[in-house]
Every structure is written in structure tokens, then in C-alpha cells.
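Read the figures in this text as sums done on the coordinates, not as results from a lab. Owing to the predicted nature of the structure, the values given are computational and were not obtained by experimental measurement. Neighbour counts run over all protein chains shown; Cβ positions are idealised from the backbone, glycine included.
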Amino acid sequence: MKVKLNNVRLAFPALFESKAVNSEGEPRFSAVFLLDARHPQLNEFRNTMKQAAKEKWGEKWEPLYNQLEKKLNLCLHDGDEKVQYEGFSGNYFISTSNKARPLVVDRDRSALTAADGKPYAGCYVNVTLDIWAMDNKFGKRINASLSGVQFLRDGDAFSGSGVASVDDFEPITEGADAEALI
């Protein structure tokens with residue numbers, strides 16, 4: 001079930017190069033999206049997860065869904081579970097991944113690359129996700145596959161992210177200045 005969320009904050013982006021989480025498992029493209037507890041689409045997102053459960057498990061969906069929620073086997077989590085990370089406390093977060101590289105575009109829908117320096121951890125984005133219920137040898141879950149990310153606006157970069165500015169460097173001129181740096 002496809003869902004689009006607007007104006008969410010990006011954390012832990014692996015949008016241009018797939019990575020293995022904690023150096024384990026198959027590399028994937030991934031990101032975490034933070035939503036304020038008053039985000040206007042939060043209830044819509046919860047209803048989409050419930051609809052995915054209904055479609056997968058039919059009449060048994062509700063007790064299974066409640067069980068998954070208690071076991072933290074939903075893609076939507078309370079940010080207070082991860083208070084050690086900047087921006088999580090008091091918010092909700094959605095964990096996403098995909099084997100396929102997501103579409104990453106700017107405000108004008110032009111393609112972005114890693115060299116563009118955006119999107120970055122801490123900025124605000126619009127995102128499209130595919131919500132689906134998993135029931136296989138690995139267990140039961142409600143997952144979110146990452147489909148696309150659109151840079152929306154700047155935000156305070158989370159620690160350890162962002163790109164350097166030209167103002168971070170001094171000009172190097174010929175002669176003594178250049179030789180002193182070698």
C-alpha cells in the first residue's frame with residue numbers, strides 16, 4: 001500500500017549507496033523518518049498499517065496487529081525508544097529500507113546525487129513508502145519499503161552529518177603560504 005508523507009525529518013540516510021545495518025545482513029538503501037506527535041498524517045499512517053494487516057490476515061488481523069505492536073514489530077515506533085539519538089525524543093519514527101535504490105529528487109523534482117549534499121540527516125523531506133505485512137520464516141511484521149525521497153527544506157543537521165562549506169577553508173596562495181602547508 002503506497003503512502004506519501006509530507007514534511008518529515010530525515011535521519012540515518014543511506015539513499016545513494018546501500019549499507020548493511022550494524023555490518024550485518026544484506027546491504028540495503030534505508031532511512032528513518034521522524035514525525036512530530038501532532039503530525040497531521042500520523043493517524044493516516046497508522047490506518048495504512050492496519051489496512052495492510054487486514055489485507056494480509058483477514059479476520060485475524062486485529063489480535064495479530066496488537067501483538068505486533070506490543071513486540072515492536074511495526075515500522076512505526078515511539079521515538080522515546082531511541083532517546084540516545086538526536087531528534088527522536090518526543091517524536092515517532094518510521095524505519096524503512098529497500099534493496100532497490102529509491103528515487104531521490106529536489107524540490108523541483110530534478111534528480112539529486114550524493115555530491116549535491118542533500119538530502120542530509122536533519123533536513124525535512126517528503127517521502128513515498130510502500131507499507132506491507134510480512135508473514136514468513138523470519139516472522140510477522142508490518143514493514144515500510146522506501147520508494148522515494150524529495151528534499152523539502154533545510155533543518156539543523158544531526159551530529160556527524162552535513163557537508164563542509166567553502167568558508168571552512170582558507171585560500172592557498174603561491175609562495176610561502178603554499179609551502180607552509182606541505
### Task
Look at the range 94-134 and say how many of its residues are of a type in the set (Phe, Trp, Tyr) and not in a strand (DSSP E or B).
1
### Query
Quick one: would you say residue 90 is at positive phi, out of contact with any His (no Cβ under 6 Å at 6 or more places or on another chain) and small (Gly, Ala, Ser)?
yes
### Message
If I ask for residues that are in contact with a strand residue (DSSP E or B) (Cβ under 9 Å, 6 or more places away or on another chain) and part of a helix (DSSP H, G or I), which ones from the range 70-93 would you list?
### Response
79, 80, 81, 82
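Does the range 86-96 include one or more residues that are of a type in the set (A, V, I, L, M), surrounded by 12 or more Cβ atoms within 10 Å (Cβ to Cβ) and within 21 Å of residue 159 (Cα to Cα)?
Checked against the condition, which is being of a type in the set (A, V, I, L, M), surrounded by 12 or more Cβ atoms within 10 Å (Cβ to Cβ) and within 21 Å of residue 159 (Cα to Cα), the range 86-96 yields at least one hit.
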### Failed criterion for residue 99 (all others in (1) loosely packed, with under 14 Cβ neighbours inside 10 Å; (2) free of Cβ contacts under 8 Å to residues at least 24 places away in the same chain; (3) closer than 26 Å to residue 20 by Cβ hold)
(2)
### Query
For the range 63-103, which residues satisfy the criterion of being farther than 15 Å from residue 32 by Cβ and hydrophobic (A, V, I, L, M, F, W, C)?
64, 68, 100, 103
### Task
Take the range 1-14 and flag every residue that is farther than 26 Å from residue 140 by Cβ and either outside any strand (DSSP E or B) or touching a Pro at 6+ places or on another chain (Cβ under 6 Å) (or both).
10
### Query
So, in the range 25-56, of the ones that are among the basic types (Lys, Arg) and assigned to a helix (DSSP H, G or I), which residue ends up nearest to residue 150 (Cα to Cα)?
46
#### Entry: Residues within the range 1-31 that are closer than 19 Å to residue 46 by Cα, in contact with a helix residue (DSSP H, G or I) (Cβ under 9 Å, 6 or more places away or on another chain) and surrounded by 15 or more Cβ atoms within 10 Å (Cβ to Cβ), tallied
2
